[in-house]
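Colleague: Let me begin by handing over the structure; questions about it come next.
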Amino acid sequence: LSRRIEGIRKSLVGLMSSIYARIDYPDEDLGDFTDDELLSSLYNIKEDCKILLSTYRTGRAISEGISTVICGKPNAGKSTLYNLLLGEDAAIVTDIPGTTRDVLRHSVPLGRVMLNIADTAGIRESENMDTVERIGVRKSREMIEKSELLFAIFDNLFIFILEF
C-alpha cells in the first residue's frame with residue numbers, strides 16, 4: 001500500500017514540478033509539454049487512484065475483519081451456529097425461547113479475513129416478552145443495521161447476505 005501511494009505521490013510531484021517550472025521560467029526551453037500530455041498524466045494518476053481505492057474494502061476486511069451478525073427468530077439455531085463457528089460452547093443453547101438476550105461477540109478467522117461475529121437475541125413481536133427480552137430484540141435490530149455480513153436463520157433455512 002505504501003509503495004503504491006508513494007508511486008502516486010511521485011507522479012503528482014513530477015507533474016507539479018513540470019508545471020511550476022514552465023510557469024516560473026516561461027522563456028527557458030524545458031521541452032515540449034502539451035495540454036494533451038498534461039491531461040494524459042492526470043488521467044493516469046486518476047486511474048491509479050481508482051485502482052488503489054478499489055482495494056480498500058478488501059484491505060479493510062483483512063485488517064479489521066467483517067462485522068457479521070447471526071439473526072433470526074427465537075430457537076432457530078442462531079446460538080448453535082455461533083458455537084459451531086467458534087468451535088466451542090460459548091453461547092447457552094436451550095429449547096426455551098429468549099435464552100440469548102444480550103449480544104455475544106467473538107472473532108473467528110475465515111481464510112485471510114476475520115469474521116467479527118455477533119450472536120443476537122431472537123427477533124419476534126409479542127406481548128409476552130419481558131423488558132429484558134425487548135431490550136435484546138432492540139439490540140439485535142441495531143446490530144443487523146450495522147452488519148456487513150448477515151447470517152439469517154429461519155426454520156431450517158439458512159441465508160447469508162453480504163453487504164460489504
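Colleague: How many residues, within the stretch 128-143, are surrounded by fewer than 16 Cβ atoms within 10 Å (Cβ to Cβ) and closer than 17 Å to Ile70 by Cβ?
Modeller: 3
Colleague: Could you check how many residues of the stretch 107-127 are farther than 10 Å from Gly65 by Cα, open to solvent by less than 20 Å² (accessible area, probe 1.4 Å) and either of a type in the set (Lys, Arg) or not in a loop (DSSP other than H, G, I, E, B) (or both)?
Modeller: Total satisfying the criteria: 2.
Colleague: Looking at the stretch 139-156 only, could you name the residues that are part of a strand (DSSP E or B) and under 14 Å from the mean Cα position of the chain (by Cα)?
Modeller: Leu149, Leu150
Colleague: Which members of the stretch 94-106 meet the condition of being hydrophobic (A, V, I, L, M, F, W, C) and open to solvent by 80 Å² or more (accessible area, probe 1.4 Å)?
Modeller: Hit for the stretch 94-106 is Ile96, nothing else.
Colleague: Any residue that is outside any helix (DSSP H, G or I), on the phi < 0 side of the Ramachandran plot and either open to solvent by less than 70 Å² (accessible area, probe 1.4 Å) or of a type in the set (Gly, Ala, Ser) (or both) - is there at least one of those in the stretch 11-30?
Modeller: The answer is no; no qualifying residue exists.
Colleague: Being under 30 Å from Leu149 (Cα atoms) and acidic (Asp, Glu) is the requirement here; does Asp48 meet it?
Modeller: Taking the combined requirement at face value, the residue satisfies it.
Colleague: Any idea how many residues of the stretch 31-52 are open to solvent by 100 Å² or more (accessible area, probe 1.4 Å) and either more than 36 Å from the chain's Cα centre (by Cα) or not charged (D, E, K, R) (or both)?
Modeller: Residues in the stretch 31-52 being open to solvent by 100 Å² or more (accessible area, probe 1.4 Å) and either more than 36 Å from the chain's Cα centre (by Cα) or not charged (D, E, K, R) (or both): 5 in total.
Colleague: Kindly list the number of the only condition in (1) closer than 23 Å to Val137 by Cβ; (2) not in a helix (DSSP H, G or I) that fails for Ser79.
Modeller: If we test Ser79 against (1) closer than 23 Å to Val137 by Cβ; (2) not in a helix (DSSP H, G or I), just (2) comes out false.
Colleague: Consider only pairs whose beta carbons are under 6 Å apart and that are at least six residues apart or on different chains; among these, list those whose first residue lies in the stretch 39-55 and is of a type in the set (Asp, Glu) and whose second residue is at pLDDT 90 or above.
Modeller: Listed by first residue and then by second, the contacts come to Asp48/Ile8.
Colleague: How many residues, within the stretch 53-77, are open to solvent by 30 Å² or more (accessible area, probe 1.4 Å), over 30 Å from Thr94 (Cα atoms) and not polar (S, T, N, Q)?
Modeller: 7
Colleague: Quickly run through the stretch 31-59 and pick out the residues that are of a type in the set (Asp, Glu) and in a helix (DSSP H, G or I).
Modeller: Asp35, Asp36, Glu37, Glu47, Asp48
The values are calculated or read from the model by the stated rules, or taken from the named source; none is laboratory data. Everything quoted here is computed from the prediction, not taken from an experiment. Here the Cβ is made from the backbone with ideal geometry for all residues, glycine too, and neighbour counts use every protein chain on show. Heavy atoms of the whole protein, side chains included, go into the accessibility calculation; ligands, DNA and RNA do not. Shrake-Rupley method; radii C 1.70, N 1.55, O 1.52, S 1.80 Å.
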